[in-house]
């Protein structure tokens, strides 16, 4: 739900996402989840890793805002964007480009939110391992259900989304 908060001559839009509080408040697993994904390539399907590059990998978000919400993380455990090396920055951006192409092919969204949350106060749930969020968006993808039922509707199972995006990545990268 989007509300406007107006002060004087200016208004700020406020986006309510109350379903996220369960994730924010839940007990977090020991260690870094991105490092666990990095170190277990044999579990890529189970962990929903859709792509592995030379310096980064892409994984579906277990708590998506929308179907296809994924994250691109560096293999190296680093928490500061300014500490990324040129090869990591290049691979991160090439992988972002690949993921946008793959999601376009597999899901045909109308647009995207792409962002990096740097620091806890900026919304980083995992603040010590750099990752970029890619959230596909469709015209009208928000509705009344989150407002009246405190529930976000994700209309597709994560495994089905995984298969679609993984297939599109393979078609793009291998012809």
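Out of 113, 87, 93, one residue alone is surrounded by fewer than 15 Cβ atoms within 10 Å (Cβ to Cβ), in contact (Cβ under 8 Å) with a residue 12 or more places away in the chain and under 19 Å from residue 53 (Cα atoms). It is 87.
In the range 44-78, of all residues being in a helix (DSSP H, G or I) and touching a strand residue (DSSP E or B) at 6+ places or on another chain (Cβ under 8 Å), the one that is surrounded by the fewest Cβ atoms within 10 Å (Cβ to Cβ) corresponds to 44.
Counted as qualifying within the range 79-175 are the helices (runs of 4 or more DSSP H) with 1 or more residues that are at pLDDT below 95, namely 145-149, 158-174.
The values are calculated or read from the model by the stated rules, or taken from the named source; none is laboratory data. As the structure is a prediction and not an experimental result, all values here were calculated from the model. Reconstructed Cβ throughout: ideal geometry from the backbone, glycine too, with neighbour counts over all protein chains shown.
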